[in-house]
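Derivation of every value follows stated rules applied to the coordinates shown; laboratory data play no part. Keep in mind it's a predicted model, so treat the numbers as computed, not measured. Every residue, glycine among them, receives a Cβ derived from its backbone with ideal geometry; neighbour counts consider all protein chains shown.
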Amino acid sequence: MTDTAADDSPRIGPTTRVVLHDLAVRRDRDEWIVGRMVTRNFVALPAAGARAVELLGEGLSVACTEERLRAETGEEFDIADFVGDLTALGFVARIGDRPVPDAAPPRASLPWLRPHHVRLALHPALPLLVGVLLTAAVAVLVRRPDLLPGYRDLLWSRHGSVVLLSGAAAGWALLLAHELAHLVTARAAGVPGRMRLGTRLQFLVMQTDISGIELAPRRHRLTAYLAGIALNLSVASSLVLALAVTGTGTAAHRLLAAALLLALLPLPFQCMVFTRTDLYFVLQDLTGCRDLYGDGLAYARYRFRRAALAVRPVRRGPRTRAKGATRATAATGTPDAARDDPSTRLPPHERRAVRIYSVVLVAGTAACLSFMAAVTLPVDITLLARAVRGLGPEHGPAGNADAVAVLVVLGGVNVLWLVTWWRNRRSRRAVNAT
């Protein structure tokens, strides 16, 4: 059957001129970040690639662009293939006199929120205010260490169902505020942003896609990455100051202490950079890596294949060797793919960061999954089993209420994790298929 879509595609020849969409460009070390904010597609190009985009945008033909680059760099470039790559990225609006079909842009969360509405989120004074608030809270805790929260502060009520439901409500409210901080800060920088549920290993998370922040200045990028942590620290600091003026043992003091612990609990998770937390993106930005997680995972898989081949017994072949076989293959039996270190294709500064990160990635993932198998999963199963056994008229209204609360909160979170994981998995398959 004939591929009509391929036959119908515009031809790119020496005299072809293209019209590009509105593209944003920012220099980053020895490369240039080029992207289209509407579709949130971005690519890192060498200087010659960025220059080619500039020349094509000025209306030069493919041949003229090649000649100009040859005169400027002394090298040959295949601009026709380059235009094809730009078209696949959605950067090209028209090839010759034929428009290029454009994909629908991804939806943004809170589209009515405009950059000028939230421009104060990027004001240089805001981090200073957060720092002052945090310093005041630390000073109070130094003078009154009894205000430091403990796990018992979460058990502020003798009714387990009340503790569970109120904790879940407060936790999700803080999580939503955390992600809104990312969204608002990115929107102030002109990035649309979209919030949605996601999974990180065994964790159900809410995440904000702020693709496009790569084109913003570094201060704006780091502010957007750290906005959620800053919000949690600000809430926690405010609660410490409120605790200092609240009578110990009162209901208000117990509630404030529980809220303080809930505000602090997400912060250790941010240190788990192997799950692509907020601090992961800060680390990726500071190291100048394009895809620290993806490259680290590829390097870890390469090392695993090397280790597996090292301990695998070598199969003895026939005494005679086929004509043309290489000495290295016959002697070691190691496929070329296992000897191909993916990190060697990266710049030196990225290579070092990726190799170190791969160790953190493997060790952290193994520790998380081991903890889930040894602690989290048995505890969840035990609590759900007790809740099921706690249902029935013989347990009374209070017992049934506690059992239902456990089933709704704990069971609902696990079901939501499975649904989110499956939905995102199907979305990734659909993207890869296209």
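Within the listed set 127, 348, 192, the Gaussian network model of the chain (springs between alpha-carbon atoms below 10 Å) gives the highest mean-square fluctuation for 348.
So if R0 is 56 Å, what FRET efficiency would residue 63 and residue 132 give, r being the distance between their Cβ atoms, rounded to the nearest 0.05?
Numbers: r = 61 Å, r/R0 = 1.08.
It comes out at approximately 0.40.
Our analysis of segment 157-281 gives Rg over Rh at 1.03, with the two radii drawn from alpha carbon positions and Rh computed by the Kirkwood formula.
The modelled label-to-label distance between residue 120 and residue 98, using points 7 Å beyond Cα along the C-beta direction, is 5.3 nm. Near residue 64: Cβ cut-off under 12 Å, other residues only, Lys/Arg at +1 and Asp/Glu at -1. The net charge is 0. Within the chain, the longest run free of exposed loop sites, counting trypsin sites (Lys or Arg not before Pro) that sit outside DSSP helix and strand states (H, G, I, E, B) and have at most 11 other Cβ atoms within 10 Å, spans 159-314.
Using a simple charge model, +1 on the beta-carbon of Lys and Arg, -1 on the beta-carbon of Asp and Glu, nothing else, what dipole does the chain show about its Cα centre, in debye to the nearest 20?
The calculated dipole for the chain is roughly 1460 debye.
Given 0.36 nm per residue, what is the gain on full extension from residue 370 to residue 139 after removing their alpha carbon distance, in nm?
Values: separation 231, 0.36 × 231 = 83.16 nm, distance 3.80 nm.
79.4 nm is the gain from fully extending residue 370 to residue 139.
What stretch of the chain, leaving out the sites themselves, is the longest with no GluC sites (Glu not before Pro) in a DSSP loop having at most 12 other Cβ atoms within 10 Å?
For GluC sites (Glu not before Pro) (loop position, at most 12 other Cβ atoms within 10 Å), the longest site-free span of the chain is 77-434.
Remark on segment 75-233: Rg and Dmax equal 22.5, 76 Å (Cα only).
When the Gaussian network model of the chain links Cα atoms closer than 10 Å, the mean-square fluctuations of 241, 174, 279 top out at 241. The share of alpha-carbon pairs in the chain lying farther apart than 39 Å comes to 40%. If you wrap the tightest convex hull around every Cα atom of segment 4-99 and split its volume per residue, you get 95 Å³. Between residue 291 and residue 389, the distance separating the two model label sites (each 7 Å from Cα on the Cα→Cβ line) works out to 4.9 nm.
By counting other Cβ atoms within 10 Å of each Cβ, how are 91, 304, 42 ranked from fewest to most? Don't skip to the answer; put the middle values down first.
Numbers: 91 24, 304 12, 42 20.
By the 10 Å Cβ count, ascending: 304, 42, 91.
Length gained on full extension, residue 177 to residue 360: 63.0 nm, using 0.36 nm per residue less the C-alpha separation. Summary of the geometry: segment 18-88 and segment 112-129, compared by the centres of their Cα atoms, lie 33 Å apart.
Within segment 221-240, find all residues whose amide N lies under 20 Å from a label point positioned 7 Å from the Cα of residue 26 along Cα-to-beta-carbon. Within reach of a label on residue 26, which here means backbone N under 20 Å from a point 7 Å along Cα→Cβ, segment 221-240 contributes 221-230.
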